[in-house]
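Enquirer: Following this message is one structure expressed as structure tokens.
The values are calculated or read from the model by the stated rules, or taken from the named source; none is laboratory data. Computed from a prediction, not measured in an experiment: that's the story for all the values here. Glycine also receives a Cβ, built like all others from the backbone with ideal geometry; neighbour counts cover every protein chain displayed.
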Amino acid sequence: MTMNKEEDAGKDVSNVVFGYTANNAQVEEENRILRETVNQLKNELTKFQKTPLLVCEIKDLQGDKALMRLPNGNEFFVNIAASCEPLTAGDSALVEQKNLTVVKKIPLSKRFTVEQFVIIEKPNISWSSIGGLAEQMTEIKEVIELPLKKPELFKAIGITPPKGILLHGPPGTGKTLLAKAVASSTKSTFIELVGSELVQKFIGEGAKLVKEVFQLARERAPSIIFIDEIDALASRRIEIGTSGEREVQRTFMQLLAEIDGFKHLGNVKVVGCTNRKDILDPAILRPGRLDRLIYVPVPNVEGRKEIFHIHAKGMATGRMNAQKLVDAMDGFSGAEVRSVCTEAGYFAIRASRHKVTQDDFVKAIEKVRQDEEASKDYLVMFG
Ligand SMILES: Nc1ncnc2c1ncn2[C@@H]1O[C@H](COP(=O)(O)OP(=O)(O)O)[C@@H](O)[C@H]1O
Ligand SMILES: [Mg+2]
């Protein structure tokens, strides 16, 4: 059957070709088009037959050879093709699959990757939107804001301000808020990295990303590099067994190298953040690194009152006894105080009222406390 069909098809073509003898030019044109099509298809076919090239990262160059690393982590010492553009360490390149010769440099846009993976912003958070952390604010102003704004003061006196600080304390107490506020007040670029993400998402790329983040920070200076959950990167390791741990270790080493590499009075500062200071590798806290520790506690009753006023300020409320509410929120973090305000608003909305009442707040406090206890139970059971 198939044979017959092909024969028919062949006849068709010859009919087409020979049927137009009257018009030679037309036949030639027809012929040319067919030839072109055949050539195009041949070209496509050869493309399909070629083996693909591998993408690698150039780690180091020695004479006419390169040390390169494949995405799977394997490293090879290989030749560079004569036709290849000049390379530098850190470039991305294509290598031949069989003998791994570097054949071509490729412009993998670096900026593109960093900016895709970290949060970069110019925050707009004023000091007055932070409640109950007066001491911490003063300290941050002294060690970060002042050196960025008036480096000459430090030069004149002859002291070196810290390159970075470590904010530590329970979750939801305003650590991120403090870091953003200092970025705002110094008009700095705020670059946020999350330790656990760096470890989980960028397998094999963590160290490179850290390097590029610092590069970006220098380009956009003044900058604050905020590293949330820094414990995920910088925790004390008893033994480095798995390749995953080695990878985290490499990323951490790169972070230390970057911090060591910049100047005390430069305009890049690092703010680390953790609620597990106990497991931190002391290397990160050595002098010249994040050597100023600032504890951010759960607010006391005064602090809660300030935080409550900050978040309730914009709300439509009736007559209220704020002190009573603040007393009832014993042990709440700043984030929980804010949740109380939001929840109270919802109670009013559900009751189709336009004002939030004292009772809405009381119910909201109860709800937030229950939620908190439920999450604690969860942690006990599964954490
Ligand atoms: N001291 C505070 N003053 C005002 N708001 C606070 C305070 N602490 C926490 N909040 C509220 O809780 C949210 C989460 O706080 P965040 O700064 O992310 O806590 P942390 O980084 O310490 O976990 C903030 O965006 C803010 O709305
Ligand atoms: Mg936070």
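Enquirer: (1) within 16 Å of ligand 2 (Cβ to nearest atom); (2) out of contact with any Leu (no Cβ under 7 Å at 6 or more places or on another chain): which one isn't true of residue 221, the others all being true?
Expert: Failing condition for residue 221: (1).
Okay, residues lined up against (1) within 16 Å of ligand 1 (Cβ to nearest atom); (2) within 25 Å of the chain's Cα centre (by Cα); (3) among the acidic types (Asp, Glu):
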position	(1), (2), (3)
257	no, yes, no
262	no, yes, no
266	no, yes, no
271	yes, yes, no
282	no, yes, no
300	yes, no, no
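Enquirer: Please verify whether residue 360 is of a type outside the set (Val, Ile, Thr) and either modelled with pLDDT of 95 or more or over 30 Å from residue 235 (Cβ atoms) (or both), treating the condition exactly as stated.
Expert: Values: of a type outside the set (Val, Ile, Thr): yes; either modelled with pLDDT of 95 or more or over 30 Å from residue 235 (Cβ atoms) (or both): yes.
Taking the combined requirement at face value, the residue satisfies it.
Enquirer: Can you name the residue in the stretch 346-364 that is touching a residue at least 24 places away in the same chain (Cβ under 8 Å) and within 30 Å of residue 275 (Cα to Cα) and is also surrounded by the most Cβ atoms within 10 Å (Cβ to Cβ) among such residues?
Expert: Checked the stretch 346-364; the qualifying residue surrounded by the most Cβ atoms within 10 Å (Cβ to Cβ) is 361.
Enquirer: Also, quick follow-up: Has the stretch 118-128 got any residue that is of a type in the set (Phe, Trp, Tyr) and over 33 Å from the mean Cα position of the chain (by Cα)?
Expert: First, pick out the residues of the stretch 118-128 that are of a type in the set (Phe, Trp, Tyr): 127.
This time we only want the ones that are over 33 Å from the mean Cα position of the chain (by Cα), so: none.
Checked the stretch 118-128: no residue is of a type in the set (Phe, Trp, Tyr) and over 33 Å from the mean Cα position of the chain (by Cα).
Enquirer: Now a separate question. So residue 334 passes all but one of these: (1) within 34 Å of the chain's Cα centre (by Cα); (2) within 16 Å of ligand 1 (Cβ to nearest atom); (3) surrounded by fewer than 16 Cβ atoms within 10 Å (Cβ to Cβ); (4) not polar (S, T, N, Q). Which condition number does it fail?
Expert: (3)
Enquirer: Kindly establish whether residue 305 is more than 18 Å from residue 363 (Cβ to Cβ) and part of a helix (DSSP H, G or I). Step through it out loud before you land on a result.
Expert: Details: more than 18 Å from residue 363 (Cβ to Cβ): yes; part of a helix (DSSP H, G or I): yes.
Yes, satisfied.
Enquirer: Could you give every pair whose Cβ atoms fall below 6 Å, whose first residue belongs to the stretch 152-174 and is within 9 Å of ligand 1 (Cβ to nearest atom), and whose second residue is of a type in the set (Lys, Arg) and modelled with pLDDT of 90 or more, counting only separations of at least 6 or pairs across chains?
Expert: Short answer, once both residue conditions are applied: 167/175.
Residue-wise test of (1) basic (Lys, Arg); (2) surrounded by 15 or more Cβ atoms within 10 Å (Cβ to Cβ); (3) not assigned by TED's automatic domain parsing to the domain that holds residue 206.
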site	(1), (2), (3)
79	no, yes, yes
83	no, no, yes
89	no, no, yes
95	no, yes, yes
100	no, yes, yes
132	no, yes, no
144	no, yes, no
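Enquirer: Name the single residue, out of those in the stretch 284-315 being among the small types (Gly, Ala, Ser) and at pLDDT 95 or above, that is nearest to ligand 2 (Cβ to nearest atom). Can you show your working first?
Expert: So in the stretch 284-315, the residues among the small types (Gly, Ala, Ser) come out as 288, 303, 312, 314.
Retained after the next criterion (residues that are at pLDDT 95 or above): 303, 312.
Details: 303: 17, 312: 22 Å.
If we take residues in the stretch 284-315 being among the small types (Gly, Ala, Ser) and at pLDDT 95 or above, then 303 is nearest to ligand 2 (Cβ to nearest atom).
Enquirer: Here's another thing I want to ask about it. State which residue is surrounded by the most Cβ atoms within 10 Å (Cβ to Cβ) when the search covers only the stretch 166-216 and only residues that are away from ligand 2 (no atom under 11 Å from the Cβ) and assigned to a loop (DSSP other than H, G, I, E, B).
Expert: Taking the candidates together, the pick is 188.
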